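Structure, as structure tokens:
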Amino acid sequence: MSAGGGTKAIIAALAANLAIAVAKFVAFLFTGSSSMLAESVHSVADSGNQALLLVGGKRAARDRTAEHPFGYGRERYFYAFVVAVVLFTIGAVFSLYEGYHKISHPEDISAPGWAFGVLIFAIIAESFSFRTAIIESNHVRGSQSWWSFIRHAKAPELPVVLLEDLGALLGLIFALFGVTMAVVTGDGVWDGIGTLMIGVLLAIIAVVLAIETKSLLIGEGAGPEMEARIRAALESAPEVTRIIHMRTLHLGPEELLVAAKIAVAHDDTAAEVARGIDEAEQRIRTQVPIARVIYLEPDLDRTSVSPNGTA
């Protein structure tokens, strides 16, 4: 994923959510709707989350230091994980509590026109933000399904924004449902039900984000296709007889560590082995440009050497 694409989607979502949060809160003041209050908190939480993603991207760009020799690229994963925690604690928990309270103590909705107007405005604004996230994601998604893209993307920003925008749109629909039913039936319990639906939705999205970002934070290797390209690049080097074993690790979305023990012929000179390793590294970087840190350890190809040391 290009950092530019992710940043564009984040900024679009941040601008939309700030405007929507203000409009929702004003509507809550006029209507007293718990769905509107839950949606206000939801938009505030989303705005904070997008700010966190921008902070994570900025901090991840810092130069490597003696204390952090592999750089700070994985800070993007940390801040994405914090987003999941914030979404759950602020958005989901508050909405669940407010929904329970509203069902226990239902109140009529006053000035429902404010609620309907703001919700329609919010749906339109959120749709533009969601459209931007979809367009930017399509640039890097390739032939993957949407679920596969969210599950396997190494850059967390676009999957996070996609899920947040989807959750925001569904949350607005739930709020519209709750407010409409409360106005039509005259029963404020429906407003609480809509709020509960928003809370459950946010909890589900938060759990999905937490699971996926935790996996990235712990450390994920290259995907099968990328690993196959690395293996092919290594094995195509004349001095490399075979790959004994190989490990990969994402140091960040756009930086991959490759470590491999490679077998070389027993009669190769040190100069030939060194030249072969240099060529192998160059082949890997040509095939996989994000493979920026490469460690290759040469060893004898013992499978082709007899016990007495002869081929």
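When you scan the stretch 27-46, do you find a residue that is in the same structural domain as ILE124 (by TED's automatic domain parsing), in contact with a helix residue (DSSP H, G or I) (Cβ under 8 Å, 6 or more places away or on another chain) and under 30 Å from LEU256 (Cβ atoms), even just one? Looking for residues that are in the same structural domain as ILE124 (by TED's automatic domain parsing), in contact with a helix residue (DSSP H, G or I) (Cβ under 8 Å, 6 or more places away or on another chain) and under 30 Å from LEU256 (Cβ atoms), one finds none in the stretch 27-46, hence no. Filtering the stretch 92-105 to residues that are surrounded by 18 or more Cβ atoms within 10 Å (Cβ to Cβ) and not acidic (Asp, Glu) leaves ALA92, PHE94, SER95, LEU96, GLY99, LYS102.
For the stretch 41-58, does any single residue satisfy the condition of being over 23 Å from the mean Cα position of the chain (by Cα) and at pLDDT 85 or above? Before the answer, list the steps.
Taking the stretch 41-58 first, the residues over 23 Å from the mean Cα position of the chain (by Cα) are none.
No, the stretch 41-58 contains no residue that is over 23 Å from the mean Cα position of the chain (by Cα) and at pLDDT 85 or above.
Is it true that some residue in the stretch 137-151 is in contact with a Leu (Cβ under 9 Å, 6 or more places away or on another chain) and hydroxyl-bearing (Ser, Thr, Tyr)? Within the stretch 137-151, one or more residues are in contact with a Leu (Cβ under 9 Å, 6 or more places away or on another chain) and hydroxyl-bearing (Ser, Thr, Tyr). Only a single item in (1) modelled with pLDDT of 90 or more; (2) under 23 Å from GLN144 (Cα atoms); (3) surrounded by 14 or more Cβ atoms within 10 Å (Cβ to Cβ) is not met by ALA228, and it is number (3).
The helices (runs of 4 or more DSSP H) falling completely within the stretch 140-238 that include 1 or more residues that are among the hydroxyl-bearing types (Ser, Thr, Tyr) map to 146-152, 157-185, 189-218.
The residues in the stretch 75-126 that are charged (D, E, K, R) and either over 27 Å from the mean Cα position of the chain (by Cα) or not in a helix (DSSP H, G or I) (or both) can be counted, and the count is 4.
Restricting attention to the stretch 245-270, which residues are of a type in the set (A, V, I, L, M, F, W, C) and out of contact with any helix residue (DSSP H, G or I) (no Cβ under 9 Å at 6 or more places or on another chain)?
LEU249, LEU251, LEU257, ALA259, ALA270 - these are the residues of the stretch 245-270 that are of a type in the set (A, V, I, L, M, F, W, C) and out of contact with any helix residue (DSSP H, G or I) (no Cβ under 9 Å at 6 or more places or on another chain).
Out of contact with any His (no Cβ under 7 Å at 6 or more places or on another chain), among the acidic types (Asp, Glu), surrounded by fewer than 18 Cβ atoms within 10 Å (Cβ to Cβ) and over 15 Å from ALA155 (Cα atoms): does that describe GLU67? Against the criterion (out of contact with any His (no Cβ under 7 Å at 6 or more places or on another chain), among the acidic types (Asp, Glu), surrounded by fewer than 18 Cβ atoms within 10 Å (Cβ to Cβ) and over 15 Å from ALA155 (Cα atoms)), GLU67 qualifies.
Can you tell me how many residues within the stretch 249-268 are part of a strand (DSSP E or B), closer than 17 Å to ARG292 by Cβ and touching a residue at least 40 places away in the same chain (Cβ under 8 Å)? Even if it seems obvious, please write down each step before you answer.
Step one: of the stretch 249-268, the residues part of a strand (DSSP E or B) are 249-252, 255-264.
Narrowing further to those that are closer than 17 Å to ARG292 by Cβ: 249-252, 255-260.
Then keep just the ones that are touching a residue at least 40 places away in the same chain (Cβ under 8 Å); that gives 250-252, 255, 257.
Total satisfying the criteria: 5.
Condition check ((1) free of Cβ contacts under 8 Å to residues at least 24 places away in the same chain; (2) under 30 Å from SER104 (Cβ atoms); (3) not assigned by TED's automatic domain parsing to the domain that holds GLY276) across all residues:
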{"residue": "LEU170", "(1), (2), (3)": "no, yes, yes"}
{"residue": "VAL184", "(1), (2), (3)": "yes, yes, yes"}
{"residue": "ILE193", "(1), (2), (3)": "no, yes, yes"}
{"residue": "LEU234", "(1), (2), (3)": "no, no, no"}
{"residue": "ILE244", "(1), (2), (3)": "no, no, no"}
{"residue": "ARG247", "(1), (2), (3)": "no, no, no"}
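Which of the residues spanning the stretch 269-299 are outside any helix (DSSP H, G or I) and either crowded, with 16+ Cβ neighbours inside 10 Å or under 32 Å from the mean Cα position of the chain (by Cα) (or both)? Result: VAL288, PRO289, ILE290, ALA291, ARG292, VAL293, ILE294, TYR295, LEU296, PRO298.
Yes or no, residue by residue, for (1) over 16 Å from ALA12 (Cβ atoms); (2) of a type outside the set (Asp, Glu):
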| residue | (1), (2) |
| --- | --- |
| ALA111 | yes, yes |
| ALA115 | yes, yes |
| LEU158 | no, yes |
| ASP165 | no, no |
| THR180 | yes, yes |
| VAL184 | yes, yes |
| GLY188 | yes, yes |
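Every test in (1) at pLDDT below 85; (2) crowded, with 22+ Cβ neighbours inside 10 Å; (3) closer than 30 Å to SER137 by Cβ is passed by THR89 save one, and that test is (2).
Yes or no: the stretch 51-71 includes at least one residue that is among the acidic types (Asp, Glu) and part of a helix (DSSP H, G or I). Walk me through it before giving the result.
Taking the stretch 51-71 as the starting set, the residues that turn out to be among the acidic types (Asp, Glu) are 63, 67.
With the extra rule that they be part of a helix (DSSP H, G or I), the set shrinks to none.
Within the stretch 51-71 (the criterion being among the acidic types (Asp, Glu) and part of a helix (DSSP H, G or I)), the answer is no, since none of the residues qualifies.
Going through (1) over 28 Å from the mean Cα position of the chain (by Cα); (2) surrounded by fewer than 20 Cβ atoms within 10 Å (Cβ to Cβ) one by one, TYR72 falls short only on (1).
The values are calculated or read from the model by the stated rules, or taken from the named source; none is laboratory data. What you see is a predicted model; the values in this text were computed from it and never measured. Every residue, glycine as well, gets a Cβ built from its backbone with ideal geometry; the counts of neighbours run over all protein chains shown.
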